[in-house]
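The values are calculated or read from the model by the stated rules, or taken from the named source; none is laboratory data. Since the model is a prediction, treat every value here as computed from it, not as a measurement. With ideal geometry, Cβ positions are generated from the backbone for all residues, glycine too; neighbour counts draw on all protein chains shown.
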Amino acid sequence: MIRSKLRLGTAVLAASALGLASCASPDEGGEAADVPGITDTTVTVGTHQPLTGPAAAGYSTISPATKAYFDYVNDKGGINGRTIEYIVKDDGYNPANTQTAVREMVLQDEVFALVGGLGTPPHSAVLDFVNDNEVPDLFVASGSPTWNQPEDYPYTYGFMVDYPTESRILATYAQEEFPEATYCFFGQDDDFGEEFQTGLEAVLGEDGLADAQVYSTANTDIAAQISSMKEAGCEVNFLATINGFSAQAVGTAAKLGYFPQWMASSAGGDFNTLSGYLGENTDKLLQGFVSANYLPGYSDTEDEWTAKFAEINEEYNAGAPFDGNTIFGMSIGYLFVEALQAAGENPTRESLMEALESGDVTGNGHAPLGFGGDSHRGYTGAMLTRVDNGVQSYFGTPYVVTGTEAEEYTVEEYTGERTAMPADGLPE
Amino acid sequence: MDRFLFLTFDGLARGAVLAAFALSLVLIWRAARIVNFAQGAMAVAATYVAFTVTAVTGSYWAGLAAALVAGFLIGAVVERGVMRFVGNTSPLNPVIAGLGLLMLIQAVLGMVFGNAYRTMVTPFSSDPVEMFGITVFSSYDLFVFACIAVLVGGLVLLFTKTPLGLRLRASAFAPDLARLLGVRTPRMLTLGWALSSALGALAALLVIPTELGLNPHAADAVFVYAFTVAVIGGLDSPAGAVLGGLAVGVLLSWVSGYWGATLAPVAILVLLLAVLLVRPGGIFSLAKERTA
């Protein structure tokens, strides 16, 4: 009842807006005006990001990259004559703020969709709200499998390869490469660490991890945990850590004279970011560091996507440092533009959802997206990177993980080709 | 046994910094009856000054000196510019002003220096030194101990052996009487803030290189622990702050090492609760609690 009243209010507002618009420019058609966030010349989308607060250090550069890509698209004429307006609201990674920010964007700014809302705790706080309001909630920037629940949350789509998928790939690789080694785990004491550890144990067995240690972000002194792993004789350590704590783990271990093989999640394995924490000893400390990733590598100058994104970064992002976050932000932007393009000349929320469900939206990752009618899973696989002499680059072939249940899954090499970049990095 | 020693030494190294930071809170409390919630941000601001000076001159020691000077000045400016006008009519006023200042400083630092973590150089290696057959302190830890010992020692001498220290104590404990006797209590108050802020700056400068790096929020967690230490030791008691700091550092390390990192902050809160129930003034508080 309340909702229908709201809808009525929205309709009245939209109608009056339409009236105003037609007064201002009588020759423009108005058939798209009843879709929230869509006018004849613009598409308005929103996101919530930690621009301030403790999480800002790791993530505040993502939304400027997305915006830079949108600006680039707008300069090239937009999508079907519409430019993309990107509203970025700061939530400081605080779920209470996220609720306010998202309500404002949905009810007041009337965004067409949310794109790339960041963080498991913040986004979980608005998951019900956006789905109740039937707002497309695309490409959540978090590796939690929560976003893949099409039955309960039909409007929400994932983006990142999820934690259990990533950890299965890393564990499978470790078994192939270091079959006799002692495996251990160091992770964050929340769903990130738990999901990751579950994935590892699915591959390595219940007793596959000789030592499993967790850290709390409230305490940066992790000497106790790392020394325990050293004493347990751990040789291959899996990391479910954010970048700061990956660096802290590697740095603390080095101080203890301990140099195991590290295998990190994509959430905490970005070389540029890690070197920001580790300073001048980076190259030495990260030699041989393995981590998962699925997007174009920012140091991979041969990659056409990387080259294009670097160019856009120079021109539209004021030449901000080019790193994994830049690629991440622009890839989210690209994927949205691709979906919007596929949603037709006069997109509606329904046609956008249909476009995603069709599976024709492919993105720019090394592994395929899991989008379809019964799956809203983001990238379904990953490729591994290794650091050698201060350069992080991909090696081997991508892996793809089918099935998300703990018992039923397979990890196999992915033989498909990544989608080639369309001309100018603009979806056709 | 090796592990026990390792955890204990690791805890002491961190505890020393908590002690210094808690001491800086105690200094302000004694001088002004204010728990300064902006202390962490003020210390980080001074550390950014040190970072910039070190980057420009290439000398760690110039940065260290700059942190102390900047801390001193920031403390004085905050007292003269903000806290003096807040008034003590309600104990909440300075708390709110402190929190506001905290957010303001963090936001300004973010605007000026960005939110990214910056690596800070240390003058000594952080590689551990073998002692008693196990790896314990690094030379950097020993440097931290030395710095804090020198500064705390200096403060003790200042407060107990010099005429200035006497005036500082007089204006803290009996401001009206001190003023009648010719002590310029407002100036002493400013000096108290400045000294406290300089000490906080030193603590932040020493601890940040061992953590994730320099960031507007780098002292948030340290402030919370140090505040707990100050309450546990007794907000009135400098000795309590120092001993409490070392004890909390060791407790954090033991709990984190034996029961898991998740429980470490909880253990500190349990300790805080126990102290507040059994001895609300803090373990080392003066026999008779003074009121504001």
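Residue by residue, here is whether (1) within 29 Å of B:LEU214 (Cβ to Cβ); (2) surrounded by fewer than 19 Cβ atoms within 10 Å (Cβ to Cβ); (3) within 14 Å of another protein chain (Cβ to nearest Cβ) holds:
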residue	(1), (2), (3)
A:LYS76	no, yes, no
A:TYR86	no, no, no
A:ASP90	yes, yes, yes
A:TYR93	yes, no, yes
A:PRO121	yes, yes, no
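Within the stretch A:328-348, being out of contact with any strand residue (DSSP E or B) (no Cβ under 7 Å at 6 or more places or on another chain) and farther than 16 Å from A:PRO422 by Cα holds for A:PHE328, A:GLY329, A:ALA343, A:GLY344, A:GLU345, A:ASN346, A:THR348. For the stretch B:261-273, the criterion of a residue being touching a residue at least 12 places away in the same chain (Cβ under 8 Å), assigned to a helix (DSSP H, G or I) and under 22 Å from B:ILE34 (Cβ atoms) is satisfied by at least one position. Listed by position, the helices (runs of 4 or more DSSP H) enclosed by the stretch A:198-299 that each have at least 2 residues that are small (Gly, Ala, Ser) and in contact with a strand residue (DSSP E or B) (Cβ under 8 Å, 6 or more places away or on another chain) are A:243-255. Of all residues in the stretch A:225-238, count the ones that are farther than 23 Å from A:THR273 by Cα and more than 9 Å from chain B (Cβ to nearest Cβ). The number of residues fulfilling the criteria is 6.
If the condition is being polar (S, T, N, Q), more than 13 Å from A:TYR163 (Cα to Cα) and more than 10 Å from chain B (Cβ to nearest Cβ), then the stretch A:239-265 contributes A:SER246, A:GLN261. Where helices (runs of 4 or more DSSP H) sit wholly within the stretch B:1-88, those with at least 2 residues that are within 14 Å of another protein chain (Cβ to nearest Cβ) occupy B:2-32, B:39-57.
Scanning the stretch A:298-356 for residues being acidic (Asp, Glu) and touching a helix residue (DSSP H, G or I) at 6+ places or on another chain (Cβ under 6 Å) gives a total of 2. Need the failing condition index for A:PHE259 against (1) closer than 25 Å to A:ILE332 by Cβ; (2) without any contact (Cβ under 8 Å) to a residue 60 or more places away in the chain; (3) among the aromatic types (Phe, Trp, Tyr), just the number. Only one criterion is unmet by A:PHE259, namely (1). If you go through the stretch A:176-216 and keep only what is under 20 Å from the mean Cα position of the chain (by Cα), among the polar types (S, T, N, Q) and surrounded by fewer than 18 Cβ atoms within 10 Å (Cβ to Cβ), you end up with nothing.
Within the stretch A:54-67, being touching an Asp or Glu at 6+ places or on another chain (Cβ under 8 Å) and either more than 12 Å from chain B (Cβ to nearest Cβ) or surrounded by fewer than 23 Cβ atoms within 10 Å (Cβ to Cβ) (or both) holds for one residue alone: A:PRO54.
Close contacts from the stretch B:160-176, counting a first residue that is closer than 19 Å to B:TRP29 by Cβ and surrounded by fewer than 14 Cβ atoms within 10 Å (Cβ to Cβ) and a second that is of a type in the set (Lys, Arg) and modelled with pLDDT under 90, with Cβ to Cβ under 9 Å and a gap of 6+ residues or different chains, come to B:THR160/B:ARG169; B:PHE173/B:ARG30; B:PHE173/B:ARG290.
State yes or no: is B:ALA241 among the small types (Gly, Ala, Ser), touching a residue at least 24 places away in the same chain (Cβ under 8 Å) and either within 14 Å of chain A (Cβ to nearest Cβ) or crowded, with 16+ Cβ neighbours inside 10 Å (or both)? So B:ALA241 fits the description; yes. Here A:GLY329 does not qualify as over 25 Å from A:PRO164 (Cα atoms) and either of a type in the set (Ser, Thr, Tyr) or touching a residue at least 12 places away in the same chain (Cβ under 8 Å) (or both). Checking each residue in the stretch B:190-220 for being more than 14 Å from chain A (Cβ to nearest Cβ) and touching a Lys or Arg at 6+ places or on another chain (Cβ under 8 Å) picks out B:THR190, B:GLY192.
Within the stretch B:94-128, the set of residues being of a type in the set (S, T, N, Q) and surrounded by 15 or more Cβ atoms within 10 Å (Cβ to Cβ) comprises B:GLN106, B:ASN115, B:THR119, B:THR122, B:SER126.
The set of residues from the stretch A:126-142 being within 19 Å of A:ILE62 (Cβ to Cβ) and over 16 Å from the mean Cα position of the chain (by Cα) comprises just one member, A:VAL126. Residue count for the stretch A:281-298 satisfying the condition of being under 25 Å from A:PRO398 (Cα atoms) and of a type in the set (Val, Ile, Thr): 1. The set of residues in the stretch A:81-104 that are under 19 Å from A:LEU340 (Cα atoms) and touching a strand residue (DSSP E or B) at 6+ places or on another chain (Cβ under 9 Å) comprises A:ARG82, A:THR83, A:ILE84, A:GLU85, A:TYR86, A:ILE87, A:VAL88.
If you filter the stretch B:218-238 down to residues that are outside any helix (DSSP H, G or I) and either of a type in the set (Asp, Glu) or surrounded by 24 or more Cβ atoms within 10 Å (Cβ to Cβ) (or both), you find that the one that is modelled with the lowest pLDDT is B:ASP236.
For A:ALA113, all conditions in the list (1) small (Gly, Ala, Ser); (2) closer than 22 Å to A:ASN243 by Cβ; (3) in contact with a Pro (Cβ under 9 Å, 6 or more places away or on another chain) hold save one; what is the number of the exception? (2) is the only condition that A:ALA113 fails. Summed over the stretch B:244-271, the residues that are at the interface with chain A (Cβ under 10 Å from one of its Cβ atoms) and β-branched (Val, Ile, Thr) give a count of 4.
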